[in-house]
Structures are given as structure tokens and as C-alpha cells.
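S.K.: I'd like to ask some things about the structure below.
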Amino acid sequence: MARDRFSLDFDPDCGDTALTDARHDIVIGRWQGLRELLRATGPEWLSRGHRVRLLAQACAGSSTAESWLAAEPHSGDALVLRAATETARAFNVAIAAGRGVPIDQHRIDTAVLSCLQAADAYPDDPTPWISLISVARLYPSGVRRQELARWWDELHRRDPYSVEGHLQILHYYSSRWHGTHGLMYDFARDAAGVAPPGCALPVLVQYARVEEYRYALDAAKGRQSAVGLAEHWTHDGAVSDVRRTWQRWFADRPGTTIAPGELRDLNYLTHAACHAGLTDIAGTLLRVQGPRATRTPWSYTGDPEKQILKWRKDLRL
């Protein structure tokens with residue numbers, strides 16, 4: 001009976017209630033809650049990156065970030081949020097334009113300048129460098145290799161094990177942007193190889209697997225060849241990658257508490273374990289995940305809720 005009552009929670013804030021409260025302030029144009037949240041977060045980079053990213057998405061359609069900056073023009077937190085907001089706006093314009101359609105370079109330049117200003121205002125914070133690497137993808141030809149390397153060095157020096165920072169480089173190196181599948185996987189595996197036990201960086205390989213799948217789906221465009229993509233998750237290499245990530249990241253974790261900023265990473269590994277048929281690992285991960293879930297990557301292979309509930313039922317959870 002208890003299983004019948006199980007329901008999933010796709011909270012966009014991943015259970016971060018303080019973030020949810022602050023995002024409500026954006027709706028009414030009140031910036032003080034954002035200031036208090038980021039001030040309280042301090043240099044906890046995982047939490048800070050998660051909060052800034054989601055606040056920026058919410059601020060992209062309002063003037064709340066600008067109102068805060070107008071009131072406190074020298075606030076490092078305000079400048080960091082404004083940079084992330086400009087980055088989110090640039091991506092919104094690119095999404096609206098459609099894949100392969102260039103957008104006004106002034107929009108991208110504005111975001112880049114905002115990121116550099118934020119980095120100057122808050123020298124220790126890796127977040128502006130994450131935003132900077134992210135928006136670099138929108139230049140039609142990317143950025144010069146030396147420039148990207150410099151930005152990456154700045155980020156890595158501040159937070160060497162940032163999954164979000166590595167993820168932005170991974171996207172940049174992907175075939176959908178400015179690289180190749182091989183370059184993307186090499187980067188993911190190199191990062192996984194130097195990660196200390198219990199660090200989430202090995203899950204970058206699962207992010208790369210999803211990125212490759214999305215690229216293949218786009219190329220197939222509904223043709224029959226898309227049917228063969230099921231083996232994408234179950235071939236020997238994919239299965240071995242899941243076991244390796246599980247061993248390097250999760251099996252060596254102290255405890256099973258998942259921070260809001262890690263929930264998406266966990267969903268990527270859970271999704272990979274389920275689709276690889278690794279029921280032992282999938283069952284453990286689904287138990288740890290509980291009702292908390294993110295829509296990606298499940299949304300790329302079907303309805304997120306139906307898939308997760310099916311796996312829970314099949315595994316008798």
C-alpha cells in the first residue's frame with residue numbers, strides 16, 4: 001500500500017527551501033531576500049553555484065538583479081548575480097532563435113563583460129568564471145583556445161572539483177558546440193581520473209553519454225535509426241562507466257546525504273544505472289534519491305515521472 005502512495009517531487013530548487021523563499025521575492029521585485037541568501041551562503045561554492053544559477057534563471061525575465069545593483073553598485077554578490085543573469089538571458093535569446101542561428105554578439109559581449117566585472121568584484125568566487133565559460137559557447141566560433149584555457153585556469157584555481165564548472169567545459173567541447181564526442185569524453189574521463197574518492201566529478205562521463213545521445217537524436221530527427229539508440233546505454237563501455245562512477249563517487253561517499261546542488265548529478269547516475277540494466281546499483285541509488293528528482297536527464301528518454309516510477313516498481317522499491 002505504501003508503494004501506491006509514493007509520489008515524486010520535481011522541486012526545481014532541489015529541496016533548497018531558503019532558495020525557494022528568495023525566488024518568491026523575485027516575483028514581487030524584492031531584492032533584499034537575494035542579498036540575505038547569498039550573504040548567508042558565503043564561500044560554500046557548491047551551494048552558492050546552485051543558488052546563483054537558479055536565481056539567475058528566475059531574474060532573467062525581471063529587473064530584480066538590476067534593482068539590487070542600483071541600490072548597492074559595489075556589492076560583489078549583486079555583480080555575481082547580474083553576471084549569471086546576463087548569461088541566462090543570452091541563452092534564452094539563443095534558445096528562442098533556434099539551434100545554429102547566431103544571436104546579436106552585443107548580447108554575448110554584455111554577458112562576458114558582466115562576468116569579468118563580477119570576477120574583479122569577488123576575486124575568490126568561482127561562479128563568475130563558470131558563467132563566463134558557459135556564455136563562451138554562444139560565440140559562433142567559440143573563443144580562442146588560449147582565452148578559454150585562461151578562464152578555465154581561473155576557475156580551477158578557485159574550485160578544482162566544481163562539477164558545474166567542468167560541465168560547462170564539457171558542453172563547450174561537445175559536438176553540439178565547438179568540439180567532438182572524443183574531445184568531450186577525453187575531458188570527462190581525465191577529470192574523473194584525478195578526482196579524489198567521494199568527489200562527484202566521475203559523473204561527468206554520464207553527462208557526456210547524455211550529451212552524445214541528444215546529438216544522435218537530433219541527427220536522426222525521428223528516423224528509424226533512432227530506434228537503435230537503445231544500445232547507447234547498454235554496451236559494455238557504457239555499463240563499465242556506470243560501475244566506475246559508482247565506485248569512485250558514490251561507493252566511497254561518507255554517508256548518503258545529497259545536497260541540493262548534487263541532486264541533478266545523482267539523477268544522471270541513477271538514470272544511467274537504470275538504462276544500463278545495473279539493477280543492484282540502480283536500486284541503491286533510487287533508495288538514496290527517494291522522492292527527490294530532477295527532470296533532466298530523464299526527459300531526454302521519455303516522461304521523467306513514468307520512467308522513475310517504472311524502475312521503482314520493477315525493482316520493488
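The values are calculated or read from the model by the stated rules, or taken from the named source; none is laboratory data. Since we're looking at a predicted model, the values are computed, not measured. Glycine gets a Cβ as well: all are built from the backbone with ideal geometry, and neighbour counts include every protein chain shown. With ligands, DNA and RNA removed, areas are computed over all heavy atoms of the protein, side chains included. Shrake-Rupley method; radii C 1.70, N 1.55, O 1.52, S 1.80 Å.
S.K.: Residues in region 126-153 that are surrounded by fewer than 16 Cβ atoms within 10 Å (Cβ to Cβ) and not in a loop (DSSP other than H, G, I, E, B): how many?
M.R.: Residues that pass the stated criteria total 6.
S.K.: Right, here's the next one. Mind listing just one residue for me: the one in region 100-125 that is exposed (fewer than 13 other Cβ atoms within 10 Å of the Cβ) and in contact (Cβ under 8 Å) with a residue 24 or more places away in the chain and, of those, nearest to His166 (Cα to Cα)?
M.R.: Once the filter is applied, the top-ranked residue is Asp124.
S.K.: For region 157-176, indicate whether the set of residues that are in a loop (DSSP other than H, G, I, E, B), open to solvent by 70 Å² or more (accessible area, probe 1.4 Å) and within 28 Å of Asp280 (Cα to Cα) is non-empty.
M.R.: Yes: one or more hits.
S.K.: Can you pull out the residues in region 238-290 that are assigned to a helix (DSSP H, G or I) and hydroxyl-bearing (Ser, Thr, Tyr)?
M.R.: Ser240, Thr245, Tyr268, Thr270, Thr279, Thr284
S.K.: Next up: Which numbered condition in (1) closer than 20 Å to Trp129 by Cα; (2) free of Cβ contacts under 8 Å to residues at least 12 places away in the same chain is the only one that Arg48 fails?
M.R.: With (1) closer than 20 Å to Trp129 by Cα; (2) free of Cβ contacts under 8 Å to residues at least 12 places away in the same chain applied to Arg48, the lone miss is (2).
S.K.: Tell me, which residue of region 246-278 that is surrounded by 20 or more Cβ atoms within 10 Å (Cβ to Cβ) and farther than 24 Å from Leu309 by Cβ is farthest from the chain's Cα centre (by Cα)?
M.R.: Looking at residues that are surrounded by 20 or more Cβ atoms within 10 Å (Cβ to Cβ) and farther than 24 Å from Leu309 by Cβ, I get Arg248.
S.K.: Working only within region 218-260, note down all residues that are at pLDDT 80 or above, aliphatic (A, V, I, L, M) and over 30 Å from Thr17 (Cα atoms).
M.R.: Those that are at pLDDT 80 or above, aliphatic (A, V, I, L, M) and over 30 Å from Thr17 (Cα atoms): Ala219, Ala238, Val239, Val242.
S.K.: I would also like to ask the following. Which of the residues spanning region 230-275 are touching a residue at least 60 places away in the same chain (Cβ under 8 Å) and farther than 19 Å from Trp298 by Cβ?
M.R.: Within region 230-275, Ala259 is the sole residue that qualifies.
S.K.: Here is a follow-up. Identify, by number, the condition in (1) of a type outside the set (Ser, Thr, Tyr); (2) touching a Lys or Arg at 6+ places or on another chain (Cβ under 9 Å); (3) buried (at least 21 other Cβ atoms within 10 Å of the Cβ); (4) farther than 30 Å from Asp314 by Cβ that Gly49 doesn't meet.
M.R.: For Gly49, the exception is condition (2).
S.K.: Which residues, taken from region 130-158, are basic (Lys, Arg) and more than 15 Å from Gly49 (Cβ to Cβ)?
M.R.: Arg137, Arg144, Arg145, Arg150, Arg157
S.K.: Just one of (1) in a helix (DSSP H, G or I); (2) open to solvent by 60 Å² or more (accessible area, probe 1.4 Å) trips up Leu54, so point out which.
M.R.: All conditions are met except number (2).
S.K.: Can you name the condition, by its number, that Pro12 falls short on among (1) out of contact with any Phe, Trp or Tyr (no Cβ under 9 Å at 6 or more places or on another chain); (2) of a type outside the set (Val, Ile, Thr); (3) over 18 Å from Thr110 (Cα atoms); (4) without any contact (Cβ under 8 Å) to a residue 40 or more places away in the chain?
M.R.: (4) is the only condition that Pro12 fails.
S.K.: Hey, among Asp21, Asp77, which residue is open to solvent by 60 Å² or more (accessible area, probe 1.4 Å), farther than 28 Å from Tyr215 by Cβ, assigned to a helix (DSSP H, G or I) and of a type outside the set (Gly, Ala, Ser)?
M.R.: When all the criteria are applied, what remains is Asp21.
S.K.: Hey, another quick one. As an exercise: evaluate Arg35 against (1) of a type outside the set (Ser, Thr, Tyr); (2) open to solvent by 30 Å² or more (accessible area, probe 1.4 Å); (3) within 15 Å of Ala119 (Cβ to Cβ) and give the number of the one condition it does not meet.
M.R.: Evaluating Arg35 over (1) of a type outside the set (Ser, Thr, Tyr); (2) open to solvent by 30 Å² or more (accessible area, probe 1.4 Å); (3) within 15 Å of Ala119 (Cβ to Cβ) leaves (3) as the failure.
S.K.: Of all residues in region 1-28, which are of a type in the set (Phe, Trp, Tyr) and at pLDDT below 95?
M.R.: If the condition is that a residue be of a type in the set (Phe, Trp, Tyr) and at pLDDT below 95, then Phe6 is the only one that fits.
S.K.: Is it the case, given these coordinates, that Gly237 is at positive phi and either crowded, with 21+ Cβ neighbours inside 10 Å or of a type in the set (Gly, Ala, Ser) (or both)?
M.R.: Criteria not met by Gly237.
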